[in-house]
Amino acid sequence: MKNNIFVLNKSFYTRLDVLQISKELLGKYIVTNIDGQRTVGMIVETEAYRAPDDKACHAYTNKRTERTEVMFREGGAAYVYLCYGIHHLFNVVTAEMNIAHAVLVRAIEPIEGVDIMLKRRKFTDNKPSLTNGPGKLCVALGIKTIFSGVSLTESLGVIYIEDRGTIIAPSQIVAGPRVGIFGAKESRFWDWRFRIKDNPWTSKPNIVRYED
């Protein structure tokens, strides 16, 4: 812990309410130390996934494959996979051992190492399209599938998440249907996508339902 900054520990991730964890990750900070380069971004958008009942979850019906096995680990690990064989997507594994819950980080606001993010994304300007999507932020932060399974609770690790005291009030959180969910029947309409209200770094579309 330094100046009220601390790395989220196992107790944060191993809780069973993945929706609550998804909301609480808003305002937390992803730190990466990859290829000798440090980057930091504040999480501004998340999506929750929960086996066994969520038809949009990779581990629906508790299906275990080589790819999804990491989801069944104890919370606090990274789950990184390729979407359409192109985009690396970063997820946070939550819940207890053998309970496959995870939170997809959909967007971040760049905080540190912006010059590195710009170079990785081949951008010249620091604008929302730099990191306002799950594939975009992985490129900016240097996250790839080789990091799937790494611990997120080690301060000297390649990827970890910090609490810096940023408070996101419930009134500042908006919820809406998850994005790009096809063929998941009723699960596609669940309001399990959470964003910081009016933050310009969140992704599109802007379909939301306000929290009570």
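Computed from the coordinates by the stated procedures, all read-outs in this text should not be read as laboratory data. In this text, all values refer to a predicted model and were calculated from it rather than measured experimentally. Neighbour counts are summed over all protein chains in view; Cβ atoms, including those assigned to glycine, are modelled from backbone coordinates with ideal geometry.
Once every DSSP H run of n ≥ 4 in the chain is given -39500 (n - 2.57) and the sum is divided by its residues, what mean residue ellipticity at 222 nm do you get, rounded to the nearest 500 deg cm²/dmol?
The per-residue figure over the chain is -3000 deg cm²/dmol.
Greater than 30 Å separation of Cα atoms is the criterion. Which listed pairs, 10/127; 63/197; 127/185; 55/197; 136/185; 63/119, meet it?
From the list (10/127; 63/197; 127/185; 55/197; 136/185; 63/119), the Cα-Cα distance tops 30 Å for 10/127; 63/197; 127/185; 63/119.
Using a 7 Å offset from Cα along Cα-Cβ at residue 182, what residues in region 71-85 end up with backbone N under 12 Å from the label point?
The answer is 84, whose backbone nitrogens lie closer than 12 Å to the label point.
Could you give the longest part of the chain that holds none of the chymotrypsin sites (Phe, Trp or Tyr not before Pro) found in DSSP loops with at most 15 neighbouring Cβ atoms within 10 Å?
85-181
With +1 on the Cβ of every Lys and Arg and -1 on the Cβ of every Asp and Glu, and nothing else charged, how large is the dipole of region 11-167 about its Cα centre, in debye rounded to the nearest 20?
I would put it at about 460 debye.
Tell me, in nm to one decimal, what length is gained between residue 129 and residue 69 on full extension, where the rule is 0.36 nm per residue of separation less the Cα-Cα distance?
Stretched fully, the residue 129-residue 69 segment lengthens by 18.4 nm.
For the chain, calculate the relative contact order in percent as a whole number, restricting contacts to Cα pairs under 8 Å that are 6 or more residues apart.
26
Write down the Kirkwood hydrodynamic radius of region 6-168, to one decimal in angstroms, obtained as one divided by the mean of 1/r over all alpha carbon pairs.
Across region 6-168, the inverse of the average 1/r is 15.5 Å.
Suppose every K and R has +1 on its Cβ and every D and E has -1 on its Cβ; what is the size of the dipole of region 46-112 about the Cα centre, in Debye to the nearest 20?
Charge dipole of region 46-112: 280 debye, to the nearest 20.
Given the Cα-Cα distance of residue 10 and residue 96 and 0.36 nm per residue of separation, how much length would full extension add, in nm? Numbers along the way, then the final one.
Numbers: separation 86, 0.36 × 86 = 30.96 nm, distance 0.98 nm.
So the chain would gain 30.0 nm between residue 10 and residue 96.
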